[in-house]
Structures are given as structure tokens and as C-alpha cells.
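Below: one structure, written as C-alpha cells.
The values are calculated or read from the model by the stated rules, or taken from the named source; none is laboratory data. The structure displayed is predicted, hence computed values, not measured ones. Virtual Cβ from ideal backbone geometry, glycine too; neighbours counted across all protein chains shown.
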Amino acid sequence: MSLKKRITIILFLLGVLVLTKLTFGKTQTEKQDTLDVWIEKLAVCESNSDNTAVNYDDGEIGSHSYGMYQWKVPTAGIWVKKVGLLDNWENLEYEDKANWLMDKEFSTELTTRVLRENRYNSVLWKNCTNKLGTPPLWANTWWSQG
């Protein structure tokens, strides 16, 4: 094999190695930070990161959305139960549920768990997902479950 071919093969393999490292070589912290950044951008898109934001007519009359991620109470109820976030959600009054959705830590945790469950759950925020793109690939992988 000629020297030129050997150099070409070596350069190709180095390129594959670098690309693999850039794609898959991120630490768990880097991956989580990337999902966190996407979620922060989602909050900005949905409410300008205002955890007290209320949209009183979100899509249909009488359909309210609450908090940084503009959760609707019925939709949030499905996901709170599915991701195991709050045991007594079903027993709460509507106003108390709305208050939970306007709690920054609670709504961020709910949103994070929903996206870790499957990154394509971002369809819950269709308009912002259209602007931001789908969350990072590793949002729903075993190593991001931290």
C-alpha cells in the first residue's frame, strides 16, 4: 500500500474518531445541560420565563394555560400522574393545581420528566417546538435519567 493511501486512511479514521467523540463523547452533565438549555429556551418562548404567566384563552374560550411552560390543568394532570410527580394531584382543587403549575421548580421538573420520557412529547408545545426544533436526542436515553 502506498504512503499516500496510508495517510488518507489514517486521516479518514481520525476524522471518524473526532466526529464520534463530538457526537457521543459528551459527559452526562454536558448532555443534561443541553436538555436544560432547551427547556430554558422553551420557557422563554412560552412565557418569557414568567412563572406567573396565565393565558386565559389558550386555543379555545375558557381554556387557561399556566406558568412558564403554559401547562393546561387537564393535560398537566395526565402527565403528573404518568411521571409520578405529585401523589395527591387528583384531590387538589383547580386553583391549587393552577398554583402548582405556576411554581417554577414544579413546572420545570414536570416539563423535564415529560421530555425525558420521550423527546417527541415536545408536541405538547407545538408552536415553540416548531421554532426551537425537537429537544436533544439524549433527552429520553437511559444515561440522561440522572
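Residue count for the stretch 120-146, restricted to those that are assigned to a helix (DSSP H, G or I), more than 24 Å from N88 (Cα to Cα) and modelled with pLDDT of 90 or more: 11.
Note on the stretch 86-116: among residues that are surrounded by fewer than 16 Cβ atoms within 10 Å (Cβ to Cβ) and of a type outside the set (D, E, K, R), the one that is farthest from the chain's Cα centre (by Cα) is N91. The residues listed here are D103, D87, D96, D58; of these, the one that is acidic (D, E), over 19 Å from T34 (Cβ atoms) and touching a strand residue (DSSP E or B) at 6+ places or on another chain (Cβ under 9 Å) is D58. Every condition in (1) at pLDDT 95 or above; (2) more than 16 Å from K72 (Cα to Cα); (3) not β-branched (V, I, T) holds for E46 except the one numbered (2). For the stretch 49-82, a residue qualifies if it is within 17 Å of V123 (Cα to Cα) and assigned to a loop (DSSP other than H, G, I, E, B), and the qualifying residues are D58, G59, M68, Y69, Q70, K72. Of everything listed in (1) in contact with an Asp or Glu (Cβ under 8 Å, 6 or more places away or on another chain); (2) in contact (Cβ under 8 Å) with a residue 60 or more places away in the chain; (3) polar (S, T, N, Q), the single unmet condition for T108 is (1).
Only one residue in K41, K31 is at pLDDT 95 or above, part of a helix (DSSP H, G or I), within 17 Å of the chain's Cα centre (by Cα) and not aliphatic (A, V, I, L, M). Which one? Step by step, each of K41, K31 is checked, and only K41 is at pLDDT 95 or above, part of a helix (DSSP H, G or I), within 17 Å of the chain's Cα centre (by Cα) and not aliphatic (A, V, I, L, M).
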